[in-house]
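The structure appears below as structure tokens.
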Amino acid sequence: MLKYFTMTVDALVICAVLVGMLRAYIALTCGKAGRIISNCGAGLGLILAGIMSYMKNRTAKIDTSMWNYRIFIFALSVLAAFIAFALVKRLVPVFRKKGKPALTGDIVLSLTAALLIAALMLYALPDVLAYPYTILLTDQTALSTDYLFKLIGIILGVVFMLLLEMAAFRGVQRLGHWQAFTVVVAALVINGLRQAAGIIRIMFNKRMILPTDEHYDDYFEIIRFSSNNDIWFVYGVLAVLAAVPVIIWIKSFRAKEPYSNPAEKRKIRKKWKVNRRWANLAVCCIAMMLLSIFVIEPCTNRPVELSPVEDTTVDGDNIIVSFDQVDDGHLHRFGYTTPAGKHTRFIVIQKPGSSGYGLGLDACDICGETGYYERDGQVVCKLCDVVMNINTIGFPGGCNPIVIEYSIQDGKIIVPVRELIEHENVFKS
């Protein structure tokens, strides 16, 4: 559950903060019409993300890298337009007064923000929307407890991101116009640098940048730095968001608003009290985000050590495993090095309440050779954390071990060497 919570949070955190900030800035500067347009942008982004998620997972028509390349190019172009229009609106007096020019400026600025919101969501959401489907590919049934816990993790991650988006929205909405402009642009520029690095990385991988290019080494250094330090872009956006509650707290304690009667005084005090509550929510969300990054994620992604390969006997063309080695109900791992030098592995486990055995390669068609381990009496895939039904090990399907032939004779399990040679390409070394 926690693994999918952190996966969801990692995928959506920048999008949630930026969408909240953009919606707040438009609401602050462009009024009701701007709010409607920016909300339409969020709706468009959700629809496009749903379509993209379906196309990526149910068809072969989507090249994810090239689509990300197009999204990044579009987002950076719209970002430049948004900053330009926002500056014009703030600096040119005619766009700050009521009238047709101001209304036109509001609509244009709101449209650029809406397109930027849609682009952010189109990049971040498709994989998250596909999580329930991709989990089902390995779990095989949506009725299992394991599937339910993973789904709860995704839902909790989405709820937390909605809360973060709301905190960013309510916080920026309570800033002054120039303060809001500064924090929104700062966060967008940080994400823009991340997208620019992503564009270069995709061009590099697609050989759109060749070694003959005079700046080839410079591009490579940008890719290396951005890939190794991607989390710092997240920290940068969170740092900008952290500035919002600080500004609100300072403003609330320095506020000297005039009032003519006790009722107005209470109203002013109530307003700043509410403002501080939203500031506190932003701080709590940032703290929870850091807890997820530094505590929850390392715990859930802690590498699992596979049990060592046990000794077997090779008798001619067969590998022999005696019942005495595997009749304790625990997972046992055996290996064989093929003539080509590939180290193959297979697992054996006695089925619960039975004299039968489950046997298969220590690899599956979905997750490859990452292997299986035993946890609390269950067999678990190391890569996707799917719990195997021990009674189905030895049968094809889902994340079950790849099936190989074997026979039982005179208290021994006999695995033909040719089976491991036939599947040696499943293993990398």
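Okay, here's what the table says:
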quantity	calculated
Residue among 121, 161 that alone is within 22 Å of residue 83 (Cβ to Cβ) and assigned to a helix (DSSP H, G or I)	121
Where a residue in the range 291-315 is assigned by TED's automatic domain parsing to the domain that holds residue 326 and on the phi < 0 side of the Ramachandran plot and its partner, wherever it lies, is surrounded by fewer than 14 Cβ atoms within 10 Å (Cβ to Cβ) and in a loop (DSSP other than H, G, I, E, B), with Cβ under 6 Å and at least six apart	none
Subset tally (residues that are farther than 15 Å from residue 111 by Cβ and touching a residue at least 12 places away in the same chain (Cβ under 8 Å)) for the range 28-68	13
For residue 344: the one exception among (1) assigned to a strand (DSSP E or B); (2) in contact with a Lys or Arg (Cβ under 8 Å, 6 or more places away or on another chain)	(2)
Where a residue in the range 360-372 is free of Cβ contacts under 8 Å to residues at least 40 places away in the same chain and its partner, wherever it lies, is surrounded by 18 or more Cβ atoms within 10 Å (Cβ to Cβ) and of a type in the set (S, T, N, Q), with Cβ under 8 Å and at least six apart	364/400
In the range 381-397, residue surrounded by the most Cβ atoms within 10 Å (Cβ to Cβ) [restricted to those that are touching a strand residue (DSSP E or B) at 6+ places or on another chain (Cβ under 8 Å) and touching a residue at least 40 places away in the same chain (Cβ under 8 Å)]	386
Test result for residue 382, closer than 17 Å to residue 310 by Cβ and assigned by TED's automatic domain parsing to the domain that holds residue 323	no
Tally, over the range 239-263, of residues that are of a type in the set (Gly, Ala, Ser) and touching a residue at least 40 places away in the same chain (Cβ under 8 Å)	2
Of residues in the range 398-429 being among the polar types (S, T, N, Q) and in contact (Cβ under 8 Å) with a residue 40 or more places away in the chain, the one surrounded by the fewest Cβ atoms within 10 Å (Cβ to Cβ)	429
Within the range 75-117, considering residues that are more than 18 Å from residue 21 (Cα to Cα) and aliphatic (A, V, I, L, M), the one surrounded by the most Cβ atoms within 10 Å (Cβ to Cβ)	102
Residue that is nearest to residue 145 (Cα to Cα) [pool: residues in the range 1-22 that are surrounded by fewer than 20 Cβ atoms within 10 Å (Cβ to Cβ) and over 9 Å from the mean Cα position of the chain (by Cα)]	1
Residue match in the range 226-233 (condition: without any contact (Cβ under 8 Å) to a residue 24 or more places away in the chain and in contact with a helix residue (DSSP H, G or I) (Cβ under 7 Å, 6 or more places away or on another chain))	no
Where residue 191 falls short, out of the listed (1) of a type in the set (S, T, N, Q); (2) at pLDDT below 90; (3) under 21 Å from residue 126 (Cβ atoms); (4) crowded, with 18+ Cβ neighbours inside 10 Å	(2)
Answer from 181, 225, 204 - the residue that is surrounded by fewer than 20 Cβ atoms within 10 Å (Cβ to Cβ), touching a Phe, Trp or Tyr at 6+ places or on another chain (Cβ under 9 Å), aromatic (Phe, Trp, Tyr) and more than 18 Å from residue 75 (Cβ to Cβ)	204
Long-range neighbours under 6 Å by Cβ, at least six apart or interchain, first residue without any contact (Cβ under 8 Å) to a residue 60 or more places away in the chain and in a helix (DSSP H, G or I) within the range 9-20, second surrounded by fewer than 24 Cβ atoms within 10 Å (Cβ to Cβ) and not charged (D, E, K, R)	none
Criterion violated by residue 279 - all others in (1) out of contact with any Pro (no Cβ under 6 Å at 6 or more places or on another chain); (2) surrounded by 13 or more Cβ atoms within 10 Å (Cβ to Cβ) satisfied	(1)
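The values are calculated or read from the model by the stated rules, or taken from the named source; none is laboratory data. Since this is a predicted model, take the numbers as computed values, not measurements. Every residue, glycine as well, gets a Cβ built from its backbone with ideal geometry; the counts of neighbours run over all protein chains shown.
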